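One structure is given below, encoded as structure tokens.
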Amino acid sequence: MKQLVESSAWSVTPNPLSESGSDERWYSTDTLSGTATATTTIFTFTHQYLVSFAVSPSSGGTTDPSGANVWEDAGTLSISASANSGYVFDHWSSSTGSITFDDYSLASTTATIGGAGTITANFVVQTTVEITVTSSPAGSGFVKVDGSAITTPQTFDWTPGDIHSLAALSPVAGATGTQYVWTSWSDGYDQTHDIVTPSTATTYTANYKTQYYLTVNTDPADLTTPSGEGWYDAGDDADISTDNPVGTYYFAGWTTDDQDEIAEQYALETTVLMDKAKTVTANYVRIIPGTGGKTLGFWSNKNGQSYIGDDDLSFLRGLNLFNKDGSDFNPENYAAFKTWLLKADAVKMGYMLSAQLAATELSVYNGLLSGSQTVWVDDGDGIYEPGEGLTIDSIMADANGLTMSGDRATQEYYKNLLDKINNNLLWFVV
């Protein structure tokens, strides 16, 4: 402490205080001269170190603060680096352990000044890396990069550390009845997300699943509204169903391009394989009670006898008709035919099938029935399914080949069909 005579002039020197050639000093921003008064004056000095700021390489960029041999206060100092064109900031370094950094990898950070030295901002030549953005399947309309649609695959030259946005569009229309639905990105992130460009070549893939559209309609059109229409994953089984009956129309089976893809053609509820876009039709027919059939009793009485001439007998001899003992039956006259019909029973099923076949064939031969008439099969206990349409000709042809060669169950099935036709118990499709 120094005492002065009141009103005398005074000053404090030197400012800053340092030894010659020293890289540290004490510096005050106070007023260090004046006229003495009856008071006590305290001066504040700050400890400073001589710090230089450098850039490597010299063309790489700039620093803030900047310059060589700058006096900086001891303690913390905010520093930042800016890269010139063609360079990117890499890291900070110092010439002494007395100067440290909160995070040397950040362009803007804090340095702790604990001694004199040089702070260097290090830059590297800016390089790019190939980043490929693609989709599975590839093409246009699948992906946007930085907000712009691209055709995949597309390769970009990006700077490591730069941020870019990827967006997978969904659904994406394909060929008619085909669409693609996004499922994932190869990096595991959201449908729309940002990426930080990595330092090595990388491919980002938007993955999609294929879906096909199922159209379900009716024939006649717009008869009812079957269920099941819509989009399905490729390979899935689509559930379809319809109503029966619809007014005077009865269900007659499902149809599509490949019938094997329908699990049960004549079931009201079934499935269809979705391996492509397709249309499935629920078919309906109008049916009326059958007419024109004549029973075994008719053909064995005088009413039936009136129709049968030599040409009828010749026609019957051309069929595969059999007796109860398995021998061929070839009627020579009406009396023999009548006796054969009246003795027919199901003990030997081929015999009864022969009798029912002869009755149906005679009805068609004499124009009482039309062989091309489609009949409605109304049960599912045999070869044909409910709703399946068969012509009388096709039923007779099948039965003619089974009278002695078929198994009993099959013979009985056809015998029952012919019996229903002969008794007008099967419906006709109109």
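Only the coordinates and a few stated rules stand behind these numbers; no lab work does. Keep in mind that what you see is a predicted model, and the values were worked out from it rather than measured. Neighbour counts are summed over all protein chains in view; Cβ atoms, including those assigned to glycine, are modelled from backbone coordinates with ideal geometry.
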Order of PHE315, PHE428 from fewest to most other C-beta atoms within 10 Å? PHE315, PHE428
What is the order of SER148, SER82, fewest Cβ neighbours within 10 Å to most? SER148, SER82
Long-range amide H partners of ASP90, meaning residues 5 or more apart or on another chain whose placed amide H is closer than 5 Å, are ASN122, PHE123, VAL124
Mind listing the long-range amide H neighbours of THR218? Cut-off is under 5 Å, sequence gap 5 or more, other chains count too, H placed in the peptide plane at 1.01 Å from N. LEU223, ALA282
Only bridges whose two residues both fall in the chain count here: according to DSSP, what percent of them are antiparallel, nearest 5? 80 percent
Rg followed by Dmax, in Å, when the stretch 291-430 is reduced to its Cα trace: 14.0, 41
Under the helix-only model (-39500 (n - 2.57) for each DSSP H run of 4 or more, divided by the residues of the chain), the mean residue ellipticity at 222 nm, to 500 deg cm²/dmol, is -4500 deg cm²/dmol
Viscosity 1.002 mPa s, temperature 20 °C: give me the Stokes-Einstein translational D for the stretch 193-297 in µm²/s, with Rh taken as the Kirkwood radius over C-alpha pairs. 128 µm²/s
So the number of lysine pairs in the chain with alpha-carbon atoms under 12 angstrom apart, 8 or more residues apart or on different chains, is 5
Which order do peptides 209-215, 302-308 fall in by mean Cβ count within 10 Å, highest first? 209-215, 302-308
If the viscosity is 0.890 mPa s and the temperature 25 °C, what translational diffusion coefficient in µm²/s does Stokes-Einstein give for the stretch 124-257 when Rh comes from Kirkwood over Cα pairs? 137 µm²/s
Based only on Cα atoms, what mean projected area does the convex hull of the chain have, in nm²? 41.3 nm²
Sticking to Cα atoms, compute the Rg of the stretch 53-188 to one decimal and its Dmax as the biggest Cα-Cα distance, whole number, in Å. 23.1, 75
Which order do peptides 364-370, 241-247 fall in by mean Cβ count within 10 Å, highest first? 364-370, 241-247
Ranked by Cβ crowding within 10 angstrom, fewest neighbours first, how are ASP23, ASP260 ordered? ASP260, ASP23
